[in-house]
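Only the coordinates and a few stated rules stand behind these numbers; no lab work does. What you see is a predicted model; the values in this text were computed from it and never measured. Neighbour counts run over all protein chains shown; Cβ positions are idealised from the backbone, glycine included.
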Amino acid sequence: MSDWLVGHYNLVRALHIIAVIAWMAGLMYLPRLFAYHANATPGSEMDTTFKTMEAKLLGIIMNPAMTAAFLFGFTLIWIDAHTRAAGWGFLKEPWMATKLVGVVFLAGWHGFLAGARKRFEAGTNQRSSRFWKMTNELPFIAAVVMVLAVTLEWGAK
Ligand code: HEM
């Protein structure tokens, strides 16, 4: 099993990146929907349409994509720990530590957006369209830092 996994490292990496692309698309699109939804009159046809779009985006794309990104990501961690010179110590190298901080931030941001979706659903959203437009780029900035960290591997042994 372990040899088989190590032999399929590149495939796992590809599946990880595909899952990450779908997750990131959702993390950047959902706040866009919120920005327009915040201006819709409660109970209007527009309000109902946004609620459906948001529920489907989160339930059908974002939650499964995040789960897949984590599953493949943890598989990569396991393979790395068994093939790198540093062993499990690679998790403490600056590039991987940066990546893990980014992972925690994005997972937290995902949870924050899921909570906001529930408030939109209940008609109790208090945040403005401006708030959603201003925070929209945060996951993208995190993704840029994370991709640079894993590709450049700064501080790797
Ligand atoms: C969800 C939790 C995540 C975990 C546990 C995780 C973990 C990992 C690990 C261990 C690797 C292999 C590093 C290596 O040895 O080259 C990797 C590769 C990669 N990850 Fe993640 N990752 C996660 C999420 C993300 C996210 C959100 C992004 C982008 C924003 C991302 C982008 C990448 C890229 C581009 C690679 C390929 C790097 C390369 O081969 O050069 N990952 N990930």
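When the residues of the range 6-44 are filtered to those that are away from the ligand (no atom under 13 Å from the Cβ) and more than 21 Å from residue 113 (Cβ to Cβ), which remaining residue is surrounded by the most Cβ atoms within 10 Å (Cβ to Cβ)? For the range 6-44, the residue satisfying everything is 8.
For the range 1-35, name all the residues that are part of a helix (DSSP H, G or I) and farther than 30 Å from residue 137 by Cα. Lay out the reasoning, then the answer.
Step one: list which residues in the range 1-35 are part of a helix (DSSP H, G or I), which gives 2-7, 9-35.
Scanning the range 1-35 gives 2, 3, 4, 5, 6, 7, 9.
In the range 129-157, of all residues being of a type in the set (Phe, Trp, Tyr) and within 16 Å of the ligand (Cβ to nearest atom), the one that is farthest from the chain's Cα centre (by Cα) corresponds to 154.
If only one of 116, 156, 149 is under 30 Å from residue 9 (Cβ atoms), among the small types (Gly, Ala, Ser) and surrounded by 14 or more Cβ atoms within 10 Å (Cβ to Cβ), which one is it?
Testing whether each residue is under 30 Å from residue 9 (Cβ atoms), among the small types (Gly, Ala, Ser) and surrounded by 14 or more Cβ atoms within 10 Å (Cβ to Cβ) leaves just 149.
Note down all Cβ pairs under 6 Å where the first residue falls in the range 23-44 and is within 30 Å of residue 73 (Cα to Cα), the second is within 16 Å of the ligand (Cβ to nearest atom) and not in a helix (DSSP H, G or I), and they're at least six residues apart or on different chains. Close Cβ pairs satisfying both conditions: 31/136. Can you name the helices (runs of 4 or more DSSP H) wholly within the range 44-157 that have at least 3 residues being under 13 Å from residue 24 (Cα atoms)? Ranges flagged: 63-83, 94-122, 138-152. Among the residues that make up the range 65-85, is at least one of them surrounded by 12 or more Cβ atoms within 10 Å (Cβ to Cβ) and under 21 Å from residue 122 (Cβ atoms)? No: the range 65-85 contains no residue that is surrounded by 12 or more Cβ atoms within 10 Å (Cβ to Cβ) and under 21 Å from residue 122 (Cβ atoms). Take the range 1-41 and flag every residue that is over 23 Å from the mean Cα position of the chain (by Cα) and over 19 Å from residue 130 (Cβ atoms). 1, 2, 3, 4, 5, 6, 7, 8 - these are the residues of the range 1-41 that are over 23 Å from the mean Cα position of the chain (by Cα) and over 19 Å from residue 130 (Cβ atoms).
Taken over the range 50-76, the criterion of being more than 12 Å from the ligand (Cβ to nearest atom), polar (S, T, N, Q) and farther than 19 Å from residue 112 by Cβ is satisfied by 52 alone. Can you confirm whether the range 85-95 contains a residue that is within 11 Å of the ligand (Cβ to nearest atom), in contact with a helix residue (DSSP H, G or I) (Cβ under 6 Å, 6 or more places away or on another chain) and either within 30 Å of residue 155 (Cα to Cα) or not basic (Lys, Arg) (or both)? There is at least one residue in the range 85-95 that is within 11 Å of the ligand (Cβ to nearest atom), in contact with a helix residue (DSSP H, G or I) (Cβ under 6 Å, 6 or more places away or on another chain) and either within 30 Å of residue 155 (Cα to Cα) or not basic (Lys, Arg) (or both).
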